[in-house]
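Visitor: Here's a structure for you.
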Amino acid sequence: MKNNIIYTKVNENIIGQRLKIRRKLMHMTQKELASTVGVTFQQIQKYEAGINKISLQLLLKFCDVLHCSIDYFIGGANCQQSTYSGSPLSDVSACSAVPDNMEDELLLAFREIKALKVKVAILELVKCLRYKTA
């Protein structure tokens, strides 16, 4: 019996999405990230799209440059391919690390809101909801 983790297209997509989100949170372009880790920006595009697999060595470089742990990328990434819909916000029950990814998505979306009144309203809503249970 093998103890190896089998990486599927699902894993590549999830890791790629997390790479893209983290890069944006760090305010880096694909070109800047590529230059820092020693690959082309086209490779970054392929990694983010889930087209190419990322080696462990390169993933560790991403962790260093993007100031995150390897858990950020691979934690809960063993989702079943049949349940994955391609969105980091979907299938929460199928992928245990998605909630962390949801925080990143929320932060990115919040930063894009221009109206201060809307930002304040969202913050108040979140404060009210934080003690509610499902």
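Every read-out reported here was derived from the displayed coordinates using simple, explicitly stated rules and does not represent laboratory data. Not measured: the values here are computed from a predicted model. Because the Cβ atoms are built from the backbone with ideal geometry, glycine has one as well, and the counts that use them run over all protein chains shown.
Visitor: So what J values fall out for the range 47-55 if you push phi through Karplus, 6.51 cos²θ - 1.76 cosθ + 1.60 with θ = phi - 60°, rounded to Hz, Gly and Pro as x?
Guide: Along the range 47-55, the couplings run 5, 5, 7, x, 7, 10, 7, 9, 5 Hz.
Visitor: Right, another one. Under a point spin-label approximation (7 Å from Cα along Cα-to-Cβ), what is the Lys127-Gln57 distance to one decimal in nm?
Guide: Here the modelled spin labels are 5.0 nm apart.
Visitor: Excluding same-chain residues fewer than 8 positions from Lys61, which lysines have a Cα within less than 25 Å of its Cα?
Guide: Counting by Cα, and skipping residues close in sequence, Lys61 has these lysines nearby: Lys9, Lys20, Lys24, Lys31, Lys46, Lys53.
Visitor: Would you kindly state how much longer the chain becomes between Glu105 and Thr36 on full extension, computed as 0.36 nm times their sequence separation minus their alpha carbon distance, in nm to one decimal?
Guide: 22.4 nm is the gain from fully extending Glu105 to Thr36.
Visitor: Order of Leu107, Leu19 from fewest to most other C-beta atoms within 10 Å?
Guide: Lowest count first: Leu107, Leu19.
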